[in-house]
Amino acid sequence: MQEKVSIIGLGAMGSVLAHLLVQEKLAVTVWNRTAAKAERLIKDGANYTDDIHAAVLASPLVIICVLDYAATTEILRDVDIQGKTIVQLSTGTPQDAREMAVMMQSRGASYLDGAILATPSQMGQPSTPIFLSGAGKAFERSEAVLKILAGTLLYMGDAPGAAAAWDLAALSSMFGMMFGFFHGARIIEAEGLQVAALGNMISDISPVLGQMVKSTADDIQQEHYTSPQSSLELCALSFELMMRQAAESNIQSPFPVFALELFNKARAAGYGEERLAAIMKVLR
Ligand code: NDP
């Protein structure tokens with residue numbers, strides 16, 4: 001029998017999700033607040049309804065991808081979700097996910113919380129990641145369908161907030177590196193060098209950067225801060241140099257200022273001769 005799936009939300013991401021399932025010949029029912037966004041999907045073979053009750057009723061599996069959790073709550077306010085498997089792919093915080101799980105459970109639905117770590121054009125690839133957490137049964141029931149949307153399903157256990165926590169932690173790691181890169185790009189520009197070449201170089205050394213993150217994470221996990229190969233003080237000195245270079249080249253320095261503030265707190269706390277991981281003690 002053809003698998004039935006309802007997709008709630010046809011923004012940039014939701015419409016791609018629906019399209020991927022239609023392509024695989026699933027029986028896809030779609031709903032969106034603004035009806036016009038369903039037009040192309042209807043042509044491609046999706047069933048459309050402007051009635052949210054009918055959209056949820058149409059399938060045992062309901063995937064929601066709207067702006068945020070407040071929109072999800074509003075959309076489902078009066079809808080009967082008893083017995084449904086509901087997968088939330090809107091982005092939120094762990095607390096959003098926990099509250100949503102309580103609400104879903106109290107209304108008889110099985111709830112899986114998800115966070116997509118990709119752009120719409122990257123969906124449907126074997127390497128596309130989605131973090132998932134919540135009811136194990138909901139994961140089992142939706143796994144085959146979700147695999148069509150993203151080949152790399154990372155089920156992080158039954159705590160509903162886990163997927164959102166992993167997502168935000170991954171985003172922080174990724175964008176943290178990007179802000180360092182932007183400052184590096186200004187240094188390169190100030191010297192009349194090519195930013196694209198910096199991009200190539202960082203890409204080439206990315207396994208080494210990954211190793212640094214991994215070993216620092218191990219240090220934190222084991223509370224191992226002593227006997228550094230490069231002390232926190234030595235790392236801080238790089239940022240003193242960046243501050244001086246910024247002044248000499250007349251470029252802005254918000255990123256080194258931010259990092260030095262943390263380094264200075266760590267120095268003041270007496271962690272100068274410890275490992276870089278000791279920054280974590282300042283943050284705690
Ligand atoms: P869009 O802004 O393109 O679409 C937002 C969707 O939410 C639309 O369907 C919109 O309906 C709906 N919506 C917003 N508010 C309400 C409301 N109060 N009631 C009913 N519907 C509402 O966003 P995306 O599709 O890009 O993103 C959707 C989710 O996916 C977000 O949580 C986002 O963080 C996540 N995501 C997106 C990624 C991306 O690269 N785009 C990457 C990873 C995750 P309408 O059309 O009527 O306005």
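The values are calculated or read from the model by the stated rules, or taken from the named source; none is laboratory data. Treat the numbers as computed from the prediction; the structure is a model and nothing was measured. Positions of Cβ are generated from backbone atoms using ideal geometry, with glycine treated the same way; all protein chains shown enter the neighbour counts.
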Going through Ala58, Ala18, Ala70, Ala38 one at a time, which residue ends up being surrounded by 15 or more Cβ atoms within 10 Å (Cβ to Cβ), small (Gly, Ala, Ser) and closer than 30 Å to Ala165 by Cβ? Ala18
If Pro60 passes every condition in (1) in contact with an Asp or Glu (Cβ under 6 Å, 6 or more places away or on another chain); (2) under 26 Å from Gln105 (Cβ atoms); (3) more than 15 Å from the ligand (Cβ to nearest atom) but one, which one does it miss? (1)
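Does Ala109 meet the test of being more than 9 Å from the ligand (Cβ to nearest atom), assigned by TED's automatic domain parsing to the domain that holds Leu17, among the hydrophobic types (A, V, I, L, M, F, W, C) and farther than 16 Å from Val30 by Cβ?
Answer is yes for this residue.
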Which ranges mark the helices (runs of 4 or more DSSP H) fully within the stretch 172-284 that have 3 or more residues being among the aromatic types (Phe, Trp, Tyr)? 254-268
Pair list, Cβ < 6 Å and 6+ apart or interchain, from the stretch 8-20 residues that are over 20 Å from Pro60 (Cα atoms) to residues that are near the ligand (Cβ under 8 Å from one of its atoms) and at pLDDT 95 or above: Ala12/Pro120; Met13/Cys65; Met13/Pro120; Val16/Pro120
For Ala138: the one exception among (1) crowded, with 18+ Cβ neighbours inside 10 Å; (2) within 16 Å of the ligand (Cβ to nearest atom): (2)
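Within the stretch 8-19, does at least one residue satisfy the condition of being assigned by TED's automatic domain parsing to the domain that holds Ile148 and more than 12 Å from the ligand (Cβ to nearest atom)?
Checking the stretch 8-19: at least one residue is assigned by TED's automatic domain parsing to the domain that holds Ile148 and more than 12 Å from the ligand (Cβ to nearest atom).
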Scan the stretch 188-237 for residues that are more than 29 Å from the chain's Cα centre (by Cα) and among the β-branched types (Val, Ile, Thr) and jot them down. Ile188, Thr226
